[in-house]
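The values are calculated or read from the model by the stated rules, or taken from the named source; none is laboratory data. Computed from a prediction, not measured in an experiment: that's the story for all the values here. Here the Cβ positions follow ideal geometry from the backbone for every residue, glycine too, while neighbour counts run over all protein chains shown. For accessibility, only protein heavy atoms count, side chains too; no ligands or nucleic acids. Shrake-Rupley method; radii C 1.70, N 1.55, O 1.52, S 1.80 Å.
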Amino acid sequence: MSSQSLVTRELLFAYFAGQATVLQKQMIENWVEDEPENEEFFYACLHEWEMTHPQYNADTKAAITKFNESILEQPRLYIKPGTEQRHTEHAKKNSGWQKYLVAASVLFVLLLGTWLFRDIALNKSYTTGNGEISAVTLSDGSKVVLNSNSLLQVPRFGFGGVSRQVQLRGEAMFSVVHTLDDKKFVVLTDPGFQVEVLGTEFNLSARDSDTKVVLQEGKVKVLYKEEPEQAATSLIMAPGDLVTVDEKQKKLQVKQVRHPENYSAWQHGRFVFDRTSLAEIKEILQDNYGLVVSLRGIDGSKISISGSFKARNADELLLALSEILDISVIRQDNRVMLISSK
């Protein structure tokens, strides 16, 4: 009988718990080295086991006892005659809740630190700052281009073998490869919205104002919930579809666009506007460059721009806006004011 058939999820759980025999440990270690798929299954089971067996279990009672002992070991203070009774009564009233408060604070910090470290250990993060664009090739061959001020999290263990699920905050262009086992690629933006694909190209933006998906090639399924307790509504997108979810109204809208590639032109340093309002451009300046834009004598909802503009940074885009709209631009650090010239 091969070691493949002997190594089961239950045996691996016993191994992680330190309950496996010497022969079983040796068999598992040899099995992990045999095939890459075995290593992926090993780490997937490790992740599953750790989720139900936290690495740190706080012994609250022992912590409080130890803290009390440390208090008793402190040097005694000299108290002047006549004040002993008053100080003693005051100390009795306050010492109890102070000890528990300190112990609870220490426990909270330990648990918080353990949880934050756990997230770093389980996920690899790719980030971009103001005006920064970064390209990432995932282990399954899929390519992701991150727009400015974005975060992509990818599981360190099991990605590509057990599942292909990533998390995105910000904006990214995905070129997803198809796998032989038809394993779907899932992008999560929040608990109420996710995109599922097999192999395709699409641009996904998950900013504070709204979430947008534009499909260029292939087929995409969008799952969306208006309320957390609702069942997810699914929508199959076709090339050229633009799906938008407004963060305030929580409503999903679908429309066809003639040039879906324009929505990912940012990865080549271009901005393509098609009757884009100045209010929307304000959001782009904030999302991509961290600028706080204010308008003076201008109604941003009534002014729109169409055209393609090459801009390597925020100043070049602001210069183009000033020339097209005939407005004045004043910038101080990250604050920008657009002033009507009329």
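Being hydrophobic (A, V, I, L, M, F, W, C) and closer than 17 Å to Gly131 by Cα is the filter; apply it to segment 255-266 and report the residue that is surrounded by the most Cβ atoms within 10 Å (Cβ to Cβ). It comes out as Trp266. If you check Val145 against the conditions, is it aliphatic (A, V, I, L, M) and either free of Cβ contacts under 8 Å to residues at least 40 places away in the same chain or within 27 Å of Glu35 (Cα to Cα) (or both)? When the stated conditions are applied, Val145 does not pass them.
Within segment 237-251, residues that are without any contact (Cβ under 8 Å) to a residue 24 or more places away in the chain have Cβ atoms under 9 Å from residues that are open to solvent by less than 10 Å² (accessible area, probe 1.4 Å) and assigned to a strand (DSSP E or B) in these pairs: Ala238/Leu215; Ala238/Val220, counting only partners at least 6 apart in sequence or on another chain. Checking Ser301, Ser322, Ser308 one by one, the residue that is part of a strand (DSSP E or B) and either among the polar types (S, T, N, Q) or open to solvent by less than 50 Å² (accessible area, probe 1.4 Å) (or both) is Ser308 and no other. Annotation: of all residues in segment 174-216 being assigned to a strand (DSSP E or B) and more than 23 Å from Val257 (Cβ to Cβ), the one that is most open to solvent (accessible area, probe 1.4 Å) is Asp190. Of all residues in segment 267-298, those satisfying the criterion of being surrounded by fewer than 18 Cβ atoms within 10 Å (Cβ to Cβ), under 25 Å from the mean Cα position of the chain (by Cα) and not in a helix (DSSP H, G or I) are Gly269, Gly290, Val292.
Given the criteria hydroxyl-bearing (Ser, Thr, Tyr), without any contact (Cβ under 8 Å) to a residue 60 or more places away in the chain, out of contact with any helix residue (DSSP H, G or I) (no Cβ under 9 Å at 6 or more places or on another chain) and in a helix (DSSP H, G or I), does Ser264 qualify? Spell out how you get there, then give the answer.
Details: hydroxyl-bearing (Ser, Thr, Tyr): yes; without any contact (Cβ under 8 Å) to a residue 60 or more places away in the chain: no; out of contact with any helix residue (DSSP H, G or I) (no Cβ under 9 Å at 6 or more places or on another chain): yes; in a helix (DSSP H, G or I): yes.
For Ser264, the condition - hydroxyl-bearing (Ser, Thr, Tyr), without any contact (Cβ under 8 Å) to a residue 60 or more places away in the chain, out of contact with any helix residue (DSSP H, G or I) (no Cβ under 9 Å at 6 or more places or on another chain) and in a helix (DSSP H, G or I) - is not met.
The residues of segment 325-342 that are without any contact (Cβ under 8 Å) to a residue 40 or more places away in the chain and assigned to a loop (DSSP other than H, G, I, E, B), listed by number, are Asp326, Asp333, Ser341.
Take Glu171 and tell me if it is open to solvent by 10 Å² or more (accessible area, probe 1.4 Å), in contact with an Asp or Glu (Cβ under 8 Å, 6 or more places away or on another chain) and of a type in the set (D, E, K, R). Criteria met by Glu171. Please verify whether Val220 is β-branched (Val, Ile, Thr), buried (at least 18 other Cβ atoms within 10 Å of the Cβ) and farther than 29 Å from Leu325 by Cα, treating the condition exactly as stated. Answer is yes for this residue.
Tell me whether segment 152-164 contains one or more residues that are basic (Lys, Arg) and open to solvent by less than 30 Å² (accessible area, probe 1.4 Å).
Here is the first cut: in segment 152-164, the ones basic (Lys, Arg) are 156, 164.
From the residues that got through so far, the ones that are open to solvent by less than 30 Å² (accessible area, probe 1.4 Å) too are 164.
Yes.
Taking Ser301 as the residue in question, decide whether it is hydroxyl-bearing (Ser, Thr, Tyr), modelled with pLDDT of 90 or more and more than 28 Å from the chain's Cα centre (by Cα). Talk me through it step by step, then tell me what you get.
Details: hydroxyl-bearing (Ser, Thr, Tyr): yes; modelled with pLDDT of 90 or more: no; more than 28 Å from the chain's Cα centre (by Cα): yes.
Against the criterion (hydroxyl-bearing (Ser, Thr, Tyr), modelled with pLDDT of 90 or more and more than 28 Å from the chain's Cα centre (by Cα)), Ser301 does not qualify.
What are the residues in segment 8-24 that are over 36 Å from the mean Cα position of the chain (by Cα) and in a helix (DSSP H, G or I), if any? Scanning segment 8-24 gives Val22, Leu23, Gln24.
Residues that are free of Cβ contacts under 8 Å to residues at least 40 places away in the same chain, hydroxyl-bearing (Ser, Thr, Tyr) and more than 20 Å from Ile133 (Cα to Cα) within segment 174-223 comprise Thr179, Thr200, listed in sequence order.
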